[in-house]
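Asks: What follows is a single structure, and I will ask about it in a moment.
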Amino acid sequence: MNGKDNQVELLEVLPDPISLIESMRAVGYSVEAAIADLIDNSLSAEATKISVAYDGVSQPFVAILDNGLGMSSSGITEAMRHGKNPNDPREKSDLGRFGLGLKTASLSQCRKLTVVSKKDGQINARCWDLDIVALKNKWVVTIPSIQEIEKFSFFAELNKQESGTLVVWEELDKLLAGAKDADKEMTLKFHGLLEYLALIFHRFTQKESGFKEVSIDVNGQPLPFRDPFLKANSYRQNLEGQVIRHEKGNVTITPHILPPVNHLTPEEIAITGGLDGLRNSQGFYIYRGRRLVIWGTWFRLVPKEEFFKLSRIQVDIPNSFDELWSLDIKKSAAFPPDVIRNRLKELIPHFANTSRKTVTYPGRRRGVEQITPLWERLEPAHGLFKYEINEEHPLVKRVSEQLDGKSMGNLRDLISAIECSLPVEAIYADLCNDARSKLDTDVDELIRIGQILLESSVLSAEEVLKMEPLSRYPKLHDEILKGLNV
């Protein structure tokens, strides 16, 4: 208070409960983002097992059970309160910010939210029922009876645990809006939930130094394995990381360059890019407390390009950066402040150029002996390029040595026509779609080419493997060697 308070007439204006709640229901949560928000609460409560269940038959519901620390009677009442000061200090592991996630995320999908929690052997429950709020026109929650909560799916399991929390959505008016068949609508709405949660929480469900693994399942089905950086693939390139120091905390940057497409299995492409594809999944992956917040963006610092599609930049930010990163209520959007954005822009050329080389020269690992290319790239003038067949390649020399002068001229004409007819646009389109060459899996054809190369030169099988096209398929080298009987 200051001196002005004695001179100014004050009038308290309280928001109308049902009007404000109904407005907040339209924040724009998808069902996936809403459930992810509730899982955040479970992780902040140190849960190691989280189960999501839903059913659209008879009485549709959604339930989330965890084995976290649980809440006392006063704790669960406070958890049902709307809002808290986002500037208050929090634990590093706290994935919340505004104190709205549990309520706003849940009520964006349903009219009745019940939270049941067990701590120190005591079970407590609170319920937001929007029909009662409208009837009383007050910010009131109800205290469900034990008979009411015993009917919930997962309650018996919660009762067996030492501690934990159960969240239940009922009266799913928003989730099932306009649906004639609730069961089919829920199946449709939850179709992408497993993939979404698997990516968002992939660092929690896998081993990571200093942290416990967390088990997360949906209707009994564990989240599939996802890793946008393909850390298990030996052809992935690790680049030097960076730490940006700031008064509010440190931002850790860890760049990764994925292997080229011809070194990826269909399963690995699904693990890294999924339905969005490698090209659309390139860029920064922003983690807040190990939880993925936003991914597949360059923050408009550079455009998405085919040559950058193998770049994945892991950026870890502490929750003390929330205000600077403009983190929204849904934790589905974040934008770096100038001090961080400028540093990221300086770093982009370093790892983008590595990605460009990997796309341009797939299969050529750093530190190996010189590869014998079949195609050579030339720059006849500034801004121009063309590709020519390498006449010193053993396959070309083998044919040349068997021809007379006239036939050799015909071969040169054919090669020239092939070089001029290289379908660059079609090849680029295939690369953008992450299409893979038939040779990626055609080992027999590669063995046949290897045999020709052996017959055409005095080189060993190991040296032949360094020639194109064999050099492009290092994962198949063992099979090729077996087929060559060497």
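The values are calculated or read from the model by the stated rules, or taken from the named source; none is laboratory data. Keep in mind that this is a model prediction, so the values were computed, not measured. A quick note on method: Cβ atoms are made from the backbone with ideal geometry, for glycine too, and the neighbour counts reach across all protein chains shown. Surface accessibility is based on the protein's heavy atoms, side chains included, excluding ligands, DNA and RNA. Shrake-Rupley method; radii C 1.70, N 1.55, O 1.52, S 1.80 Å.
Asks: Take the conditions crowded, with 19+ Cβ neighbours inside 10 Å, modelled with pLDDT of 90 or more and closer than 29 Å to Leu292 by Cα and apply them to Val116. Does it pass?
Replies: So Val116 passes the test.
Asks: Which of the residues that make up region 200-223 are open to solvent by less than 30 Å² (accessible area, probe 1.4 Å) and either part of a helix (DSSP H, G or I) or out of contact with any Leu (no Cβ under 9 Å at 6 or more places or on another chain) (or both)?
Replies: Hit for region 200-223 is Ile200, nothing else.
Asks: Same structure, new question: Given the criterion of a type outside the set (Ser, Thr, Tyr) and at positive phi, identify the matching residue among Arg288, Arg300. Lay out the reasoning, then the answer.
Replies: Details: Arg288 fails: at positive phi.
Exactly one of Arg288, Arg300 is of a type outside the set (Ser, Thr, Tyr) and at positive phi, namely Arg300.
Asks: Pick from Glu157, Glu170: which is surrounded by fewer than 19 Cβ atoms within 10 Å (Cβ to Cβ) and touching a Phe, Trp or Tyr at 6+ places or on another chain (Cβ under 8 Å)?
Replies: Testing whether each residue is surrounded by fewer than 19 Cβ atoms within 10 Å (Cβ to Cβ) and touching a Phe, Trp or Tyr at 6+ places or on another chain (Cβ under 8 Å) leaves just Glu170.
Asks: Okay, next question. In this structure, is Leu327 aliphatic (A, V, I, L, M) and modelled with pLDDT of 80 or more?
Replies: Against the criterion (aliphatic (A, V, I, L, M) and modelled with pLDDT of 80 or more), Leu327 does not qualify.
Asks: Out of all the residues in region 147-188, which are among the hydroxyl-bearing types (Ser, Thr, Tyr) and part of a helix (DSSP H, G or I)? Show your work before the answer.
Replies: Taking region 147-188 first, the residues among the hydroxyl-bearing types (Ser, Thr, Tyr) are 153, 163, 165, 187.
If the condition is that a residue be among the hydroxyl-bearing types (Ser, Thr, Tyr) and part of a helix (DSSP H, G or I), then Thr187 is the only one that fits.
Asks: Another question, then. Among the residues of region 387-415, count how many are farther than 14 Å from Thr372 by Cα, open to solvent by less than 50 Å² (accessible area, probe 1.4 Å) and of a type outside the set (Val, Ile, Thr).
Replies: 5
Asks: Something else: Among the residues of region 41-66, which ones are among the charged types (D, E, K, R) and open to solvent by 30 Å² or more (accessible area, probe 1.4 Å)?
Replies: Once the filter is applied, which keeps residues that are among the charged types (D, E, K, R) and open to solvent by 30 Å² or more (accessible area, probe 1.4 Å), region 41-66 yields Glu46, Lys49, Asp55.
Asks: I'd like to check something: does region 125-136 contain any residue that is part of a strand (DSSP E or B), open to solvent by less than 40 Å² (accessible area, probe 1.4 Å), touching a helix residue (DSSP H, G or I) at 6+ places or on another chain (Cβ under 6 Å) and under 20 Å from Ser42 (Cβ atoms)?
Replies: Of all residues in region 125-136, those part of a strand (DSSP E or B) come to 125-129.
With open to solvent by less than 40 Å² (accessible area, probe 1.4 Å) added as a condition, the list becomes 125-129.
Imposing the further condition that a residue be touching a helix residue (DSSP H, G or I) at 6+ places or on another chain (Cβ under 6 Å) reduces the set to 125-126.
From what's left, under 20 Å from Ser42 (Cβ atoms): 125-126.
Within region 125-136, one or more residues are part of a strand (DSSP E or B), open to solvent by less than 40 Å² (accessible area, probe 1.4 Å), touching a helix residue (DSSP H, G or I) at 6+ places or on another chain (Cβ under 6 Å) and under 20 Å from Ser42 (Cβ atoms).
Asks: Turning to a different aspect of this structure: Yes or no: Arg300 under 20 Å from the mean Cα position of the chain (by Cα), modelled with pLDDT of 80 or more and under 26 Å from Arg472 (Cβ atoms)?
Replies: In short, no.
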